[in-house]
Structures are given as structure tokens and as C-alpha cells.
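Asks: Questions regarding the structure given below will be posed in turn.
The values are calculated or read from the model by the stated rules, or taken from the named source; none is laboratory data. No experiment lies behind these values; they were computed from the predicted model shown. For neighbour counting, all protein chains shown are included, and Cβ atoms are generated from backbone atoms with ideal geometry for every residue, glycine included.
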Amino acid sequence: MAIYNSRSRKKKLMGEINVVPYIDVMLVLLIIFMITAPLLTEGVQVDLPQADARTVDTEDKEPFVVTVDSDGNYFVNDEPDQERDPEAIRIKAAAVLKHNPETPFLVRGDGGVRYELVVQAMVLLQQAGVASVGLVTETPASN
């Protein structure tokens with residue numbers, strides 16, 4: 001009678017990875033990102049004036065945009081929770097200009113806002129040392 005030793009029989013190692021749990025996690029993350037992505041796109045609602053103007057090429061550099069909404073509030077780069085204080089905007093613009101002098105500076109003014117508030121935004125940028133300020137408009141729809 002032969003006695004089998006459990007040590008002499010070795011189990012064959014399995015070299016495959018079970019990817020099913022990883023696929024489940026990936027699908028759950030995909031669903032979460034699909035639901036939350038539209039919620040993250042927020043900005044300042046501005047009705048831009050329409051003008052048939054030349055397009056400015058800003059693909060290479062991220063522009064510094066000061067937005068004036070219909071209530072006369074100031075925002076930087078369409079972030080509603082940014083500083084609304086004109087002095088803080090001036091300081092931030094000066095810092096961006098010092099760090100990267102090639103940055104394009106733009107002002108987005110709501111079509112219904114007083115012209116004076118748009119000019120004040122341009123003056124803020126001028127006081128920060130910006131030599132050239134562009135105005136953002138929408139191209140009129142062709143009929």
C-alpha cells in the first residue's frame with residue numbers, strides 16, 4: 001500500500017488574472033463620471049454683444065478673462081466663486097502678467113451691463129500693467 005504524502009503533490013499555479021472585478025469597478029466609475037461631468041460645467045451667464053469682428057488666436061496660451069455679468073459683478077476666468085473685489089482682480093492680473101507676459105487679457109461684458117462697468121474692468125487691467133486688452137463678443141448669426 002502506497003502512502004501519499006501531501007507535500008509531494010503540488011498544486012499547479014494559475015498564472016491568469018481575473019479581470020472581472022476590475023471591469024465592474026471601471027463601469028461604476030464610468031457611470032459616476034458621466035453623471036457628475038455635466039454638473040461640473042458651471043460658469044457665469046453672460047449675454048455677449050454681437051459684432052462681426054476678427055477672431056483672436058488664443059490656442060497657445062490660456063487667456064486671463066475678466067467677466068462683467070448683468071448685475072455688474074466681476075469674475076475671473078468664468079469661475080463664479082472667484083474674487084469679485086476689483087483690487088484683488090488687479091493684483092491677480094499683475095501676478096499673471098509678471099509670471100507670463102505673453103498671456104492674452106480679455107474682458108467679457110454682458111450686453112445689458114452699463115458701459116462704464118466694462119471700461120472699469122479694462123482700467124483695472126491697465127493699472128495692473130497690461131498693455132493690450134481685448135473685448136469678447138459673439139459672431140452674429142447669419143440669416
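Asks: Would it be correct to say that LEU13 is outside any loop (DSSP other than H, G, I, E, B) and either loosely packed, with under 10 Cβ neighbours inside 10 Å or at pLDDT below 80 (or both)?
Replies: When the stated conditions are applied, LEU13 does not pass them.
Asks: Another one. Inspect the stretch 115-129 for any residue being more than 18 Å from PRO63 (Cβ to Cβ), in contact (Cβ under 8 Å) with a residue 12 or more places away in the chain and of a type outside the set (S, T, N, Q) and give the result as yes or no.
Replies: Within the stretch 115-129, one or more residues are more than 18 Å from PRO63 (Cβ to Cβ), in contact (Cβ under 8 Å) with a residue 12 or more places away in the chain and of a type outside the set (S, T, N, Q).
Asks: Out of all the residues in the stretch 26-38, is one or more at pLDDT below 75 and of a type in the set (S, T, N, Q)?
Replies: No, every residue in the stretch 26-38 fails to be at pLDDT below 75 and of a type in the set (S, T, N, Q).
Asks: On to the next question. Just a yes or no: is a residue in the stretch 85-102 part of a loop (DSSP other than H, G, I, E, B), at pLDDT below 85 and of a type in the set (D, E, K, R)?
Replies: Yes, the stretch 85-102 contains a residue that is part of a loop (DSSP other than H, G, I, E, B), at pLDDT below 85 and of a type in the set (D, E, K, R).
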